[in-house]
Amino acid sequence: MVAVPVLIISILLMASCSSQAPPLKSGAPYEVIGIDDLGREVRFNHPPQRIVSLDPSITEILFALGLNNEVVGVTDYCDYPEEARSKSKVGGYLDPNIEATALLEPELVVTTLKTDTPRLIQQLENFGIKVFVLDPQKIEDILENISSLAKLTYREERAKQLVGTFKEKLNEVKRKVDGISRPGVFLEMGADPLISVGPGSFANDLIEIAGGRNVASQSSSRYSRYTLEEILLADPEVIIICSMVPDDPCLAQKRWWKRWTNMSAVRNGRIYVVEANLITRPGPRMIEGLMEIAKVIHPEIFLEPER
Amino acid sequence: MKALSLKKWLITVLLLTILLVGTIIFCSFQGSADINFKDVIEIFSNPLSQNWWNTKAVILLKVRLPRILLACMVGGALAVSGVVLQALLRNPLADPYVLGVSSGSALGAIIAILLGLNINIGALPSIPLFGFAGGLLTILFVYHISKIHRKISTQTMLLVGVITGAILAAIIMFITSIADPNKVHGIIFWLMGNLSSQEYPMLLIVSFYVLIGILILLYHARDLNLLVLGEESAIQLGLEVEHTKKIAFIGASLITGAAVSVSGLIGFVGILIPHLMRMIIGSDHRLLLPVAGLSGSIYLMLADTLARTLLAPTEIPVGVITAICGGPFFIYLLRKKRKPIFL
């Protein structure tokens, strides 16, 4: 963890705002200073009108903040919400095209921290574009990221509700699983070869928060090839398959798991599918991912009776 | 070339076969689960009891064994294929990779993965079939392009093979860069070589292809000896050179295609093992082919066992092990012998 998100300091200013900014609900225009996860300062004295998102999770945050019109460019992988698909594409999230990004003339580019990010910042700043970097490590960081982006884009009202609900649900899950038994869970991030989720990944945290025990917590990295033997030995009570495509029932993969009849999860029919995007993207929908995982690990607590 | 006595052949092949079986047994005992001889005796002494499919039995018989046997088949196939291609082209650099056969097989298999062809064509699963088709088409293409005045120039063929391989590799890179990101993940891991999660039916199919191919090649081992002497001499000695070459190319691409399509790209076995064995037992193909096949099997089984146990529970791509362990050893032997080693 390089940088810890720092709360944005906002300073009310009496100066008139630039002509392109729309009237603000909160009254007079003011300057905001955002400090990103690299500790860099980014200032705006009017709400940014053109924003490019370089990560699917950021796109989801921006749309959740109601910046549907302000977002002018996204990556090829930004598929949620549906409206994001119709935005201009600036390439992959690991290798965004600088030219395509600059041509959209954004005032603000928001990205998550990657190996290449320092170079990206420099190149975009040459165009006079402000870059805001997020580096969430834990589910709680998402809340700070939403708040800091909201401040920078003058959407704090909207964020309050979003963050409030998120926090409420998170605390509710934590409270409900407090002190109860923790069944072993294997979450399959990829099949053939089997990919596990290890320490440092969001999915690993979600399992722990949802009252489970990740049997692959010995993985050497966040997502690593994992040996089947070790899973059979650990005898997980719950198996969660990650579906890369929403609503994919992953039937072939379920069938594959059912061959291992020694496993408690198989004997008890506890093989489930959860959409990968809900548990890998540090965005507002991750709380849904947490609820899904909690439901399959502790149905007795989280599964509401059919109404 | 010294005469090869039947006795020498039998003893060498028998010794290596014993070593192969020993390796299979040794590798069966390596892994996360602690399985010892006592467990094995218990597993097999009461197969009908309730304990028959306890966790240890499942791990040993359904997880480890199919994987070890697959490594055995793939390693043997790649090594034999390397020996044959080196003989055909009379060039120490030739192997399934250099000639583009592996890339062709890989492209065929990737197309099958992308099209979502998990279906069976006849009784055969489509991915190995596509792999074999890709490998065969590549070798036929390379073969015909290299044909000048109805004769194959081996130098030209090597060059054409390298270029074709590069083109195919570029097409694979292109596909992975535009394909559905959800599928790319699988392809990339597949390209790095993966022997896990194969089942017995698939193992049987691959074994069938590989054993048929190796038998055909063994049958032509004497012809390969003649080919190595040079095409002119071979013709004078009454060999139908073009016919032999064609059969050998098809045999080599058959076994490469079958191996690559289930294991992905595992480099180095096809070039390392043939040269090592030539250093040790000479280049009479009647002996070299079976010896290279058996040692290729042993080598890949040991490499894959390292791949799955070294950082357990995390697995390492097996191609990493084959290159890191094999490369330095090869260089060491080369320096120690201090003489050119080919043919």
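The values are calculated or read from the model by the stated rules, or taken from the named source; none is laboratory data. All of these numbers come straight from a predicted model, not from anything done at the bench. Using ideal geometry, Cβ is built from the backbone for each residue, glycine included, and neighbour counts are taken over all protein chains shown.
Working only within the stretch A:212-247, note down all residues that are within 20 Å of residue A:289 (Cβ to Cβ) and aliphatic (A, V, I, L, M).
A:215, A:216, A:238, A:239, A:240, A:241, A:244, A:245, listed by residue number.
Taking the condition more than 25 Å from residue A:299 (Cα to Cα), among the aromatic types (Phe, Trp, Tyr) and without any contact (Cβ under 8 Å) to a residue 60 or more places away in the chain, does residue A:154 pass? Steps first, answer last, please.
Details: more than 25 Å from residue A:299 (Cα to Cα): yes; among the aromatic types (Phe, Trp, Tyr): yes; without any contact (Cβ under 8 Å) to a residue 60 or more places away in the chain: no.
Here the answer is no, as residue A:154 does not meet what is asked.
Can you tell me how many residues within the stretch A:96-150 are acidic (Asp, Glu) and either assigned to a loop (DSSP other than H, G, I, E, B) or touching a helix residue (DSSP H, G or I) at 6+ places or on another chain (Cβ under 6 Å) (or both)?
Filtering the stretch A:96-150 for residues acidic (Asp, Glu) gives A:99, A:105, A:107, A:116, A:125, A:135, A:140-141, A:144.
If we keep only those that are either assigned to a loop (DSSP other than H, G, I, E, B) or touching a helix residue (DSSP H, G or I) at 6+ places or on another chain (Cβ under 6 Å) (or both) as well, we get A:105, A:107, A:116, A:135.
Residues in the stretch A:96-150 being acidic (Asp, Glu) and either assigned to a loop (DSSP other than H, G, I, E, B) or touching a helix residue (DSSP H, G or I) at 6+ places or on another chain (Cβ under 6 Å) (or both): 4 in total.
Please go through the stretch B:18-38 and give me each residue that is away from every other protein chain (no Cβ under 14 Å) and surrounded by 13 or more Cβ atoms within 10 Å (Cβ to Cβ), ordered by number.
Let us first name the residues in the stretch B:18-38 that are away from every other protein chain (no Cβ under 14 Å), namely B:18-26, B:36-38.
B:19, B:20, B:23, B:24, B:26, listed by residue number.
Looking at A:255, A:270, which one is surrounded by 17 or more Cβ atoms within 10 Å (Cβ to Cβ), more than 9 Å from every other protein chain (Cβ to nearest Cβ), farther than 22 Å from residue B:31 by Cα and not hydrophobic (A, V, I, L, M, F, W, C)? I'd like the intermediate steps shown before the answer.
Numbers: A:255 fails: surrounded by 17 or more Cβ atoms within 10 Å (Cβ to Cβ).
After applying the criteria, what remains is A:270.
Looking only at residues in the stretch A:212-252 that are at positive phi and over 22 Å from the mean Cα position of the chain (by Cα), which one is farthest from the other protein chains (Cβ to nearest Cβ)?
Step one: list which residues in the stretch A:212-252 are at positive phi, which gives A:235, A:247, A:250.
This time we only want the ones that are over 22 Å from the mean Cα position of the chain (by Cα), so: A:235, A:250.
Values: A:235: 7, A:250: 12 Å.
Residue satisfying both the conditions and the ranking: A:250.
Which count do you get for residues in the stretch B:177-227 that are in contact (Cβ under 8 Å) with a residue 12 or more places away in the chain, in a helix (DSSP H, G or I) and either at positive phi or within 10 Å of chain A (Cβ to nearest Cβ) (or both)?
So the answer is 4.
For every residue, the table says whether it meets (1) within 17 Å of the chain's Cα centre (by Cα); (2) under 23 Å from residue A:158 (Cα atoms); (3) at pLDDT 95 or above; (4) not small (Gly, Ala, Ser).
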{"residue": "A:46", "(1), (2), (3), (4)": "no, yes, no, yes"}
{"residue": "A:60", "(1), (2), (3), (4)": "yes, yes, yes, yes"}
{"residue": "A:92", "(1), (2), (3), (4)": "yes, no, no, no"}
{"residue": "A:106", "(1), (2), (3), (4)": "no, yes, yes, yes"}
{"residue": "A:122", "(1), (2), (3), (4)": "no, no, no, yes"}
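Hey, residue B:156 hits all of (1) hydroxyl-bearing (Ser, Thr, Tyr); (2) surrounded by fewer than 17 Cβ atoms within 10 Å (Cβ to Cβ); (3) more than 14 Å from chain A (Cβ to nearest Cβ); (4) closer than 25 Å to residue B:74 by Cα but one; which does it fall short on?
In the conditions (1) hydroxyl-bearing (Ser, Thr, Tyr); (2) surrounded by fewer than 17 Cβ atoms within 10 Å (Cβ to Cβ); (3) more than 14 Å from chain A (Cβ to nearest Cβ); (4) closer than 25 Å to residue B:74 by Cα, residue B:156 misses (4) alone.
Take the residues in the stretch B:55-97 that are among the basic types (Lys, Arg) and in a helix (DSSP H, G or I), then tell me which one is surrounded by the fewest Cβ atoms within 10 Å (Cβ to Cβ). Before you say what the answer is, go through the steps one by one.
First, the residues of the stretch B:55-97 that are among the basic types (Lys, Arg): B:56, B:62, B:64, B:67, B:90.
Next, from what is left, pick out any that are in a helix (DSSP H, G or I): B:56, B:62, B:64, B:67.
Numbers: B:56: 20, B:62: 18, B:64: 23, B:67: 23.
My answer is B:62.
Got a number for residues in the stretch A:161-192 being in contact (Cβ under 8 Å) with a residue 12 or more places away in the chain and either hydrophobic (A, V, I, L, M, F, W, C) or more than 25 Å from residue A:269 (Cβ to Cβ) (or both)? Quick ask: steps written out before the conclusion?
Kept after step one, since they are in contact (Cβ under 8 Å) with a residue 12 or more places away in the chain, are these residues of the stretch A:161-192: A:162-163, A:165-167, A:169-170, A:173-174, A:176-177, A:180, A:182-191.
So of that shortlist, the ones also either hydrophobic (A, V, I, L, M, F, W, C) or more than 25 Å from residue A:269 (Cβ to Cβ) (or both) come out as A:162-163, A:165-167, A:169-170, A:173-174, A:177, A:180, A:185-187, A:189, A:191.
Of the residues in that region, 16 qualify.
Could you please let me know if residue A:279 is β-branched (Val, Ile, Thr), at pLDDT 90 or above, surrounded by 23 or more Cβ atoms within 10 Å (Cβ to Cβ) and touching a strand residue (DSSP E or B) at 6+ places or on another chain (Cβ under 6 Å)? Steps first, answer last, please.
Details: β-branched (Val, Ile, Thr): yes; at pLDDT 90 or above: yes; surrounded by 23 or more Cβ atoms within 10 Å (Cβ to Cβ): yes; touching a strand residue (DSSP E or B) at 6+ places or on another chain (Cβ under 6 Å): no.
Considered against the rule, which asks whether it is β-branched (Val, Ile, Thr), at pLDDT 90 or above, surrounded by 23 or more Cβ atoms within 10 Å (Cβ to Cβ) and touching a strand residue (DSSP E or B) at 6+ places or on another chain (Cβ under 6 Å), residue A:279 comes out as no.
Within the bounds of the stretch A:184-202, is there any residue that is of a type in the set (Ser, Thr, Tyr) and more than 14 Å from chain B (Cβ to nearest Cβ)? Spell out how you get there, then give the answer.
First pass over the stretch A:184-202, keeping only residues of a type in the set (Ser, Thr, Tyr): A:196, A:201.
From the residues that got through so far, the ones that are more than 14 Å from chain B (Cβ to nearest Cβ) too are none.
Within the stretch A:184-202, not a single residue is of a type in the set (Ser, Thr, Tyr) and more than 14 Å from chain B (Cβ to nearest Cβ).
Considering only residues that are among the charged types (D, E, K, R) and not in a loop (DSSP other than H, G, I, E, B), look in the stretch A:57-95 and name the one that is farthest from the other protein chains (Cβ to nearest Cβ). Walk me through it before giving the result.
Initially, the stretch A:57-95 is screened for residues among the charged types (D, E, K, R), giving A:60, A:70, A:76, A:79, A:82-83, A:85, A:87, A:89, A:95.
After this cut, where a residue has to be not in a loop (DSSP other than H, G, I, E, B) as well, the list is A:60, A:82-83, A:85, A:89.
Working: A:60: 17, A:82: 18, A:83: 20, A:85: 14, A:89: 13 Å.
Ranking the qualifying residues of the stretch A:57-95, first place goes to A:83.
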